[in-house]
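Visitor: What follows is a single structure, and I will ask about it in a moment.
The values are calculated or read from the model by the stated rules, or taken from the named source; none is laboratory data. These numbers were taken from a predicted model, which means no experiment stands behind them. Glycine gets a Cβ as well: all are built from the backbone with ideal geometry, and neighbour counts include every protein chain shown. With ligands, DNA and RNA removed, areas are computed over all heavy atoms of the protein, side chains included. Shrake-Rupley method; radii C 1.70, N 1.55, O 1.52, S 1.80 Å.
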Amino acid sequence: MNAEQRAAVPQSAPVGVVTGASRGLGLALARGLAAEGWRLVVTARGAVELAAAEAELAGLTEVVALPGSIADGPHRARLAGAAERLGGASLLVNNAGTLNAAPGGAPLPRLADQPLPDLREVFEVNAFAPIALTQLLLPQLRGRAGTVLNISSEAAVVPYRGWGGYGASKAALDLATAVLAREEPELRVWAVDPGNMRTRMLQQATPGGDVSGEPLPEEVASVLLRLLRDRRPSGRYRAQDLARR
């Protein structure tokens, strides 16, 4: 977006922070938000993919792209500062996550066999970091009666073999979401299970499996954007249920 285009974006336009925004559901949500006039702060660990996403989104809206890991405290602080400089966040999408799967296409490990450093990283990225980033952004969100959207998983409530670490971390995020909703009643606080999607993460989790029949992230993103527009009550939702309404 050139200077003339940036000037056309209203300074009153809301600001959203989206993590894991370089691909998959995060990028699809960022695209949808940009198309609806949101200004964005986006982040992901892959600098090259994030730069490509930034170039695309900059054609639609004002965007600040900051590569880095949400597990890094100084990086989280940079995200909060960028949102503040844009005018203050009205939305936080905690989408970034990790399976910490074994390299080489191996199946996800049994809980008994998962190395503890890997398990610690799963909880750090999937549960601790979203809570920490939410803490930093709460003053901005409170001032705008904003929204926190935490991306959950069916594995948070269904005990699938091999998904123990990931599922437990998402279950922790679900409970934190529910508590935050009670403690911050002026906000909308949602945990949403997006269901299976045609993403790199799902393919990584099911080596050799065929994910071509799963919904595209853009299909799920459209459902979540409707949830945002409708401002449904805080709670846990499944995208497939929302799509039927």
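Visitor: Note the angle between two axes, namely the Cα long axis of helix 47-57 and the longest principal axis of the Cα atoms of the chain, as a number of degrees from 0 to 90, rounded to the nearest 10.
Guide: Helix 47-57 sits roughly 40 degrees off the main axis of the chain.
Visitor: Need one value: the accessible area of Glu121 in square angstrom, 1.4 angstrom probe, rounded to the nearest 10.
Guide: 70 Å²
Visitor: Looking at the chain as a GNM with Cα springs under 10 Å, which of Val17, Val41, Val158 has the largest mean-square fluctuation?
Guide: Of Val17, Val41, Val158, the Gaussian network model singles out Val158 as fluctuating most.
Visitor: Going 7 Å from the Cα of Ala132 in the Cα-to-Cβ direction, what parts of region 152-191 have a backbone nitrogen less than 16 Å from that spot?
Guide: Of the residues in region 152-191, 173 have backbone N under 16 Å from the label point off Ala132.
Visitor: So what is the 222 nm mean residue ellipticity for the chain from helices alone, if each DSSP H run of at least 4 adds -39500 (n - 2.57) and you divide by all residues, rounding to the nearest 500 deg cm²/dmol? Before the final figure, lay out the partial values.
Guide: Numbers: 10 runs with 111 residues, N = 245.
Rounded to the nearest 500, the figure is -14000 deg cm²/dmol.
Visitor: Over what distance in Å are the Cα centres of region 229-245 and region 114-131 separated?
Guide: Measuring centre to centre over Cα atoms gives 27 Å.
Visitor: Restricting to Cα pairs below 8 Å that are 6+ residues apart, what does the relative contact order work out to for region 34-174? Please round to a whole percent.
Guide: Relative CO of region 34-174 lands at 24 percent.
Visitor: How do Leu225, Leu60 rank by accessible surface area computed with a 1.4 Å probe, from largest to smallest?
Guide: On the way: Leu225 15, Leu60 90 Å².
Descending order: Leu60, Leu225.
Visitor: Work out how much length Asp118 to Ala52 would gain on full extension: take 0.36 nm times their residue separation and subtract the Cα-Cα distance, in nm to one decimal. It would help to have the intermediate numbers written out before the result.
Guide: On the way: separation 66, 0.36 × 66 = 23.76 nm, distance 2.89 nm.
So the chain would gain 20.9 nm between Asp118 and Ala52.
Visitor: Oh, and also: Counting only C-alpha contacts under 8 Å and six or more residues apart, can you give the relative contact order of region 122-201 as a whole percent?
Guide: RCO, region 122-201: 38 percent.
Visitor: Next question, about the same structure. On average, how much accessible surface per residue is there in the chain, in Å², for a 1.4 Å probe, leaving out ligands, DNA and RNA? Each step should come with its number before you reach the end.
Guide: Working: 11370 Å² over 245 residues.
Accessible surface, normalised per residue, equals 46 Å².
Visitor: May I pose another question? How many nm separate the modelled label positions at Ala77 and Ala145, each set 7 Å beyond the Cα in the direction of the Cβ?
Guide: For Ala77 paired with Ala145, the spin-label model returns 3.3 nm.
Visitor: Okay, next question. Could you grab the relative contact order for the chain? Cα pairs under 8 Å, six or more apart, rounded to a whole percent. It would help to have the intermediate numbers written out before the result.
Guide: Working: 449 pairs, mean separation 44.4, N = 245.
It rounds to 18 percent for the chain.
Visitor: Right, here's the next one. Gly165: net charge of surrounding residues, Cβ under 13 Å, Lys/Arg +1, Asp/Glu -1, itself excluded? Each step should come with its number before you reach the end.
Guide: On the way: positive: Arg110, Arg120, Arg161, Lys170; negative: Asp113, Asp118, Glu121, Glu124.
Residues close to Gly165 contribute a combined charge of 0.
Visitor: In whole Å and largest first, what semi-axes does the C-alpha gyration tensor of the chain yield when each eigenvalue is scaled by 5 and square-rooted? Spell out each step's value before the answer.
Guide: Values: eigenvalues 156, 77, 64 Å².
Semi-axes, largest first: 28, 20, 18 Å.
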